[in-house]
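Below: one structure, written as structure tokens.
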Amino acid sequence: MDSPKYWAFLSYSHRDAKWTGWLHRALESYRPPKTLVGTRTARGAVPRRLAPVFRDREELATATDLGSILRQALADSICQIVVCSPAAAKSRWVNEEILAFKRLGREDRIFCLIVDGEPNATDMPGREDEECFPPALRFHLDAEGNLSDRRTEPIAADARPGKDGKTNAKLKLIAGVLAVNFDLLRRREQTRRNRRLVAIATAASAGMVFASGLAAYALIQRRAAERQAETARQTTNFMIDLFRISDPSEARGNSITAREMLDKGAARIDRELATQPAIRATLLDTVGTTYMGLGLYPQARRLMDGALQARQGKDAKDPLALSLLQQHRGDLLMRQAQYEPAEAAYRQAIALQMARPKDDRDNQIELTKSLHGLGTLLAEKGQYAEADHTLHQALTLQHELYGPSHREIATTLKDLARVMDAAGDLNGAIPVMRYAVTMQRELNHNEPDPALAEAINDLALLLEERGTYEESEKLYREALAMKRRVFGEKHPEVAMGLNNLAAALQDEGDLEHAESTYREALLMQRALLGQVHPDVALTLNNLAFVQSDRGNLRDALATEAEALAVYRKLFTGDHPDVARVLNRMGFWQTEIGDYDQADHNLQEALAMRRRLFGASNPEVASSLIHVAILQVALHHYEAALASARGAVDIFTPALSAKHWKTALAASAEAAALAGLGRSDEAEPMLVSSVAILDKDGFAPAQYHRLAQGYLDELRAGRVHLAHTSRTASSR
């Protein structure tokens, strides 16, 4: 194999990620002796660089099988290197990878790096838990490709203290991979070291000339560090003083809320720190971010804008601090649905972070967060392909920073699954979300954790969307129980867990318990968060849905009007949540025959979505469908035809012609054609739409009934189609 895709495949437990990261870098950065380059060995021609080496597990297809990507990578690898430890010996995946490589007929190309434990400890009574070799390493395969009882003698380099040491262990592995003599590589390494010592000594002599310059540079750096330390000290003291007002002795017996503490802190920043721009900017950003976490977006915006202004002054310029501020501004502006300035903020943060040295680990970590934020924003804008690409950029960098398994990686995988779902790939999204949940469980040892609870909840949401209600409800209950253990009985996260459980009960048809659970969540949220908060509006919105499902459309409209009032107070301009509520209210008003108000709300929602997303976004298509349904009910068939075709034209490239949303739009188009007397064109379109809606398990049953109603009316010979079938809009 002269031109392999991978020189080696690294198999390891995530607990050995640090060792594996070192080994990966050591192998790919190694340069064989020039005298060996091009020489042919049992592995082919010796390369100039031992790269690439396959390391990351990015796809695990099921709980019992290796993913297709891993199998292909194994097939494309000349050798396999197993990082051996007790954790690896117990890892199902490591064992499966070794078996798969052996079944390719390459057992003689498996090499081991011992980093912990004891080889063959299973043969030592009382020390079995120290075993570092997985079973597949210790035994040969039989003729059928299964493990036999014949023992092997694995080829191992030993990096444990007192053994080979890291350098010799590395060289032993490289010698095995290249099929060259170890002593040759070891002597060459010793020669390299000697040359390096001479170079260092020479440089040290010459460096005396630059000593004064270096001293000056060190003085500049020290003064910068002192300024940063002083900023940190004053920031810490300010925050301590801020929270001291919650002490009963300071508060004089009055209870102090988090909001009141923040308000007092913001006033103090304005009053006391006008002449200290660096500290002022840091504190404005910190308090502004806290306001954002409480859902107080206008207050957060005022402080963050003030921080940005303070950072423009020459005494407060700090590229790293500015990049963090822009990242936080991107988060806030996205929540406010100000997508263009949010994107600009994220991209400035990314540009500042990418300009810094790559060995600045803290900065690289923040870069992954900015990329993550930008990817989420692009998904909100409906730019799913670019969102997917950006999240994969974040994921790649996270793998470089953390190895194959980390909380941040699990979070990015979770959000990547949500993007896949939004793009119409629910079947692809679910296994990615399961992988994220599995990773979180392993990292937390299945102990209660907020991030794990959120991942479980998001998996339940996807399963609910697919119609797997029993498993979905089970996961919602697990997430809720976990949140109660972490946060206690009264907490916003517990209230949101109740909200999600109510949605599962609603999907299962238990509408009475769903409504009571929504009301329990709403009561808790209003007590904890006040009347005007995004979580309150969301629960009101969901409560309206269950009221609609119970046949109480007028109650549903009244509740949805409450949600709209909250959103209007939270967001003074255009916002997706405002448009979504208007679109839904217009749909329900169509159902009860309040056509004038329906038209007003649907047109406002459509115009708002066009301003927010542009003319070709799927959100716009969702509005066009409801507009078309109203126009069919009003017998405005020409207008209905134009609206429905507009939705079809958007959904077809974004989702596909066979997606249920495209089929729903096509059914409205066919209804308009039938109303215009073009039944011959309309009937096959309706037959096709009904078939797609019937077959697609993700399509709400109400939409299927709507399309079926259009078809039944057409076949009954009715000239004018009326909107008689009760439906519900998508959440």
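The values are calculated or read from the model by the stated rules, or taken from the named source; none is laboratory data. Model, not experiment: these values are computed from the prediction. Glycine also receives a Cβ, built like all others from the backbone with ideal geometry; neighbour counts cover every protein chain displayed.
Comparison of ASN194, ASN168, ASN181 shows that the only residue that is more than 42 Å from the chain's Cα centre (by Cα) and at pLDDT 80 or above is ASN181. Among the residues of segment 103-126, the ones that are under 16 Å from ALA88 (Cα atoms) and out of contact with any Phe, Trp or Tyr (no Cβ under 8 Å at 6 or more places or on another chain) come to 7 in all.
Of the residues LEU378, LEU283, only one is of a type outside the set (Asp, Glu) and under 23 Å from the mean Cα position of the chain (by Cα); which?
Checking each option against the conditions leaves just LEU378.
The residues of segment 163-179 that are outside any helix (DSSP H, G or I) and closer than 23 Å to ALA45 by Cα amount to a single one, ALA179.
Residue-wise test of (1) hydroxyl-bearing (Ser, Thr, Tyr); (2) closer than 26 Å to HIS575 by Cβ; (3) in contact (Cβ under 8 Å) with a residue 12 or more places away in the chain.
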residue: GLY288; (1), (2), (3): no, yes, yes
residue: LEU296; (1), (2), (3): no, yes, yes
residue: GLY306; (1), (2), (3): no, yes, yes
residue: GLN309; (1), (2), (3): no, yes, no
residue: PRO319; (1), (2), (3): no, no, yes
residue: LEU332; (1), (2), (3): no, yes, yes
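Taking GLU400 as the residue in question, decide whether it is of a type in the set (Asp, Glu), without any contact (Cβ under 8 Å) to a residue 40 or more places away in the chain and over 25 Å from ALA451 (Cβ atoms). No.
Scanning segment 383-426 for residues that are among the hydrophobic types (A, V, I, L, M, F, W, C) and within 19 Å of ASN363 (Cβ to Cβ) turns up ALA394, LEU395, LEU397, LEU401, ILE409.
Of GLY165, GLY176, GLY126, GLY117, which residue is over 20 Å from PHE9 (Cα atoms) and surrounded by 15 or more Cβ atoms within 10 Å (Cβ to Cβ)? Criteria check complete, one pass: GLY117.
Scanning segment 34-69 for residues that are outside any loop (DSSP other than H, G, I, E, B) and either over 23 Å from THR20 (Cα atoms) or modelled with pLDDT under 80 (or both) yields ARG40, THR41, GLY44, ALA45, SER68, ILE69.
You will find that of GLU619, GLU681, GLU669, the residue that is free of Cβ contacts under 8 Å to residues at least 24 places away in the same chain and in contact with a Leu (Cβ under 9 Å, 6 or more places away or on another chain) is GLU681 and no other. Determine whether PHE9 is modelled with pLDDT of 90 or more and under 20 Å from GLN398 (Cα atoms). For PHE9, the condition - modelled with pLDDT of 90 or more and under 20 Å from GLN398 (Cα atoms) - is met. Only a single item in (1) at pLDDT 90 or above; (2) closer than 21 Å to TYR567 by Cα is not met by LEU529, and it is number (1).
Here is the figure for segment 80-106: residues that are in contact (Cβ under 8 Å) with a residue 12 or more places away in the chain, basic (Lys, Arg) and either surrounded by fewer than 19 Cβ atoms within 10 Å (Cβ to Cβ) or part of a loop (DSSP other than H, G, I, E, B) (or both) total 3.
Test HIS635 against the criterion of being touching a residue at least 60 places away in the same chain (Cβ under 8 Å) and either under 23 Å from GLY717 (Cα atoms) or in contact with an Asp or Glu (Cβ under 7 Å, 6 or more places away or on another chain) (or both), and give yes or no. Yes, satisfied.
Tell me, please, whether a residue that is among the charged types (D, E, K, R) and surrounded by fewer than 14 Cβ atoms within 10 Å (Cβ to Cβ) can be found in segment 342-350.
No; the residues of segment 342-350 include none that is among the charged types (D, E, K, R) and surrounded by fewer than 14 Cβ atoms within 10 Å (Cβ to Cβ).
Rundown of residues vs (1) at pLDDT 95 or above; (2) of a type outside the set (D, E, K, R); (3) farther than 21 Å from SER623 by Cβ, yes/no style:
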{"site": "GLU669", "(1), (2), (3)": "yes, no, no"}
{"site": "ALA672", "(1), (2), (3)": "yes, yes, no"}
{"site": "LYS695", "(1), (2), (3)": "no, no, yes"}
{"site": "PRO700", "(1), (2), (3)": "no, yes, no"}
{"site": "TYR703", "(1), (2), (3)": "no, yes, no"}
{"site": "GLY709", "(1), (2), (3)": "no, yes, yes"}
{"site": "ARG718", "(1), (2), (3)": "no, no, yes"}
{"site": "SER725", "(1), (2), (3)": "no, yes, no"}
{"site": "ARG731", "(1), (2), (3)": "no, no, no"}
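Scanning segment 122-162 for residues that are assigned to a helix (DSSP H, G or I) and either of a type in the set (Gly, Ala, Ser) or out of contact with any strand residue (DSSP E or B) (no Cβ under 8 Å at 6 or more places or on another chain) (or both) yields ASP123, GLU128, ASP129, ALA136. Note on segment 445-498: among residues that are among the basic types (Lys, Arg) and in a helix (DSSP H, G or I), the one that is nearest to ALA422 (Cα to Cα) is ARG466.
The one condition from (1) in contact (Cβ under 8 Å) with a residue 12 or more places away in the chain; (2) within 30 Å of the chain's Cα centre (by Cα) that ARG568 does not meet is (1).
The set of residues in segment 682-696 being among the hydroxyl-bearing types (Ser, Thr, Tyr) and out of contact with any helix residue (DSSP H, G or I) (no Cβ under 6 Å at 6 or more places or on another chain) consists of SER688 alone. Applying the condition of being among the polar types (S, T, N, Q) and assigned to a helix (DSSP H, G or I) to segment 402-416 and asking which residue is farthest from ASN457 (Cα to Cα) yields THR412.
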